[in-house]
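I have placed the structure first, in the form of structure tokens, so that the comments after it can refer back to it.
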Amino acid sequence: MFQKIKIRIEQELKSYIRGLEKNYHLKSLSPLILRSIKEFILRKGKRIRPILFCIGYLGFAEKVAPGLFRSAVSLELLHDFMLIHDDIIDKSDIRRGKPSMHLMLQRQLPHKKLKFNGQDLAIVIGDVIYALALDVFLEVKGDPKLKEQSLKQLISAVLYTGSGEFIELLLGARDLKKVTKKDIYKIYQYKTSNYTFASPLVMGAILAGADKKQIKTIFEYGIKLGIAFQIKDDIIGLFGKSSDTGKPNLTDIQEAKKTLLLWHAYHNSTSKDRKIIEKIFSAKNVEEKNLCQIQKIILNSKSIDFAKKEIDKLRKESESLLQDTGMKPKYQILLKEFSEKILTIEPYLFHSIDTIGKIMPR
């Protein structure tokens, strides 16, 4: 069923893109805007947010509302808007295995000195996509009051995600020894859990007419699941393959991101290793050998074992909450299967770990 929902969303996304010119006349405004938005939005993705929005609705509703799947496109557009701005902040040139929006636009500019660049254009296109996201959400048919409440949840998700990004940037400038586990979990909650898991589920549940207690419980479920997912994502980001993550392994280190994995490694390493971490995180340029150094320190400090225990704890807590949501049993089963899938540390990861000692002997 999960795959069926994804296929339906892909169909709606393509249909929506085909109607962009007719509905908004973007081509007459600027062919480059239309071309860039089409290319970026249709890149292959997991579509987690729109899928969870639909499950949140179907888990409480008696029947499918007209326009539900078209409205779900709003969550994917919201994600694209976030990604474009994220890549500018992170100075990342790759997104989903292809050039980031700002790099793609930079290549369209003439080779001469201008007062603006691809990043400036990408910021504007991100804003356009955000407007499109708000507009397409309204396509679902239903109780106007419930639509308004659901839309407010979407706007709230944007607000808290932006705040999470802001906090993370400031935290990046703080010494790792002064960063707490609570600081890191706060970022995970606002930047990942809220807008990727909790809010999409809640938006769907609100539209379906779920009561306040059910909405509160499904939100808490999404927060737990989202934090667990981010911990897993941090592991994959450092040890996985770039072809699978869609970005270089050096990204988190270059950005001096304070992850749970790194926090634990720092506080459970020798003074020599702590100095290595501090040196790498304060360096202007990070190289492949530095990545290997960080990987070995994380392994020696048993930080992956610690992270896996945190993931398992959060997964169990989320499953307990799911049972109390009042959601239809078949959709509870669907979410449980989904959580098991996204929280699995892929086998290739450990093949990567096994080879680190050979690549970077201590």
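For (1) of a type outside the set (Gly, Ala, Ser); (2) buried (at least 19 other Cβ atoms within 10 Å of the Cβ), each residue gets a yes or a no:
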residue: Asp120; (1), (2): yes, no
residue: Lys152; (1), (2): yes, no
residue: Ser156; (1), (2): no, no
residue: Gly164; (1), (2): no, yes
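A count restricted to the stretch 1-13 and to residues that are surrounded by 14 or more Cβ atoms within 10 Å (Cβ to Cβ) and basic (Lys, Arg) stands at 2.
All conditions in (1) closer than 19 Å to Leu201 by Cβ; (2) hydrophobic (A, V, I, L, M, F, W, C); (3) without any contact (Cβ under 8 Å) to a residue 12 or more places away in the chain hold for Val124, with the sole exception of (1).
So that you can scan it fast, the table gives a plain yes or no per residue for (1) over 30 Å from Ala210 (Cβ atoms); (2) among the acidic types (Asp, Glu):
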{"residue": "Asp87", "(1), (2)": "yes, yes"}
{"residue": "Asp120", "(1), (2)": "yes, yes"}
{"residue": "Asp127", "(1), (2)": "yes, yes"}
{"residue": "Lys147", "(1), (2)": "no, no"}
{"residue": "Thr161", "(1), (2)": "no, no"}
{"residue": "Leu170", "(1), (2)": "yes, no"}
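Does Leu321 count as among the hydrophobic types (A, V, I, L, M, F, W, C) and at pLDDT 95 or above? So Leu321 fits the description; yes. Do you know which of the residues in the stretch 120-141 that are within 13 Å of Ser36 (Cα to Cα) and small (Gly, Ala, Ser) is nearest to the chain's Cα centre (by Cα)? My answer is Gly126.
Quick check on this structure: which one of Ala198, Ala228 is surrounded by 19 or more Cβ atoms within 10 Å (Cβ to Cβ) and touching a Phe, Trp or Tyr at 6+ places or on another chain (Cβ under 7 Å)? Outline the logic, then answer.
Numbers: Ala228 fails: touching a Phe, Trp or Tyr at 6+ places or on another chain (Cβ under 7 Å).
From the options Ala198, Ala228, the qualifying one is Ala198.
When Leu132, Leu114, Leu169 are checked against the criterion of being in a helix (DSSP H, G or I) and more than 25 Å from Lys258 (Cα to Cα), a single residue qualifies: Leu132. Counting just the residues of the stretch 135-150 that are in a helix (DSSP H, G or I) and of a type in the set (Asp, Glu), which one comes out surrounded by the most Cβ atoms within 10 Å (Cβ to Cβ)? My answer is Asp135. Of the candidates Ile17, Ile48, the single residue that is aliphatic (A, V, I, L, M), within 21 Å of the chain's Cα centre (by Cα) and either surrounded by fewer than 14 Cβ atoms within 10 Å (Cβ to Cβ) or modelled with pLDDT under 95 (or both) is Ile48.
Taking first residues from the stretch 33-50 that are in a helix (DSSP H, G or I) and partners that are small (Gly, Ala, Ser), the Cβ contacts under 8 Å between residues at least 6 apart in sequence or on separate chains come to Pro50/Ala72; Pro50/Ser74.
Considering only residues that are at pLDDT 90 or above and surrounded by fewer than 15 Cβ atoms within 10 Å (Cβ to Cβ), look in the stretch 166-182 and name the one that is farthest from Glu310 (Cα to Cα). Among those that are at pLDDT 90 or above and surrounded by fewer than 15 Cβ atoms within 10 Å (Cβ to Cβ), it is Phe166. Looking across the stretch 284-307, the residues that are over 12 Å from Leu238 (Cα atoms) and at pLDDT below 90 come down to Lys284, Asn285, Val286, Glu287, Lys289. Those residues that are farther than 15 Å from His79 by Cβ and among the hydrophobic types (A, V, I, L, M, F, W, C), I need them from the stretch 132-141; list them, please. The answer is Leu138, Val140. The single condition among (1) modelled with pLDDT of 95 or more; (2) surrounded by fewer than 23 Cβ atoms within 10 Å (Cβ to Cβ) that Asp90 does not satisfy is (1). The condition (being touching a residue at least 12 places away in the same chain (Cβ under 8 Å), in contact with a Phe, Trp or Tyr (Cβ under 9 Å, 6 or more places away or on another chain) and of a type in the set (Ser, Thr, Tyr)) is satisfied by just one residue among Tyr266, Tyr331: Tyr331. Every condition in (1) modelled with pLDDT under 95; (2) out of contact with any Asp or Glu (no Cβ under 9 Å at 6 or more places or on another chain); (3) within 30 Å of Ala210 (Cβ to Cβ) is met by Gly326 except one, and the failing one is (2). Considered as a group, the residues in the stretch 268-283 that are modelled with pLDDT of 90 or more and either among the basic types (Lys, Arg) or under 27 Å from the mean Cα position of the chain (by Cα) (or both) include one that is surrounded by the most Cβ atoms within 10 Å (Cβ to Cβ), and that residue is Arg274.
The values are calculated or read from the model by the stated rules, or taken from the named source; none is laboratory data. Remember, it's a predicted structure, so these values are computed and weren't measured experimentally. All Cβ positions, even for glycine, are placed from backbone atoms using ideal geometry, and neighbour counts span all protein chains on display.
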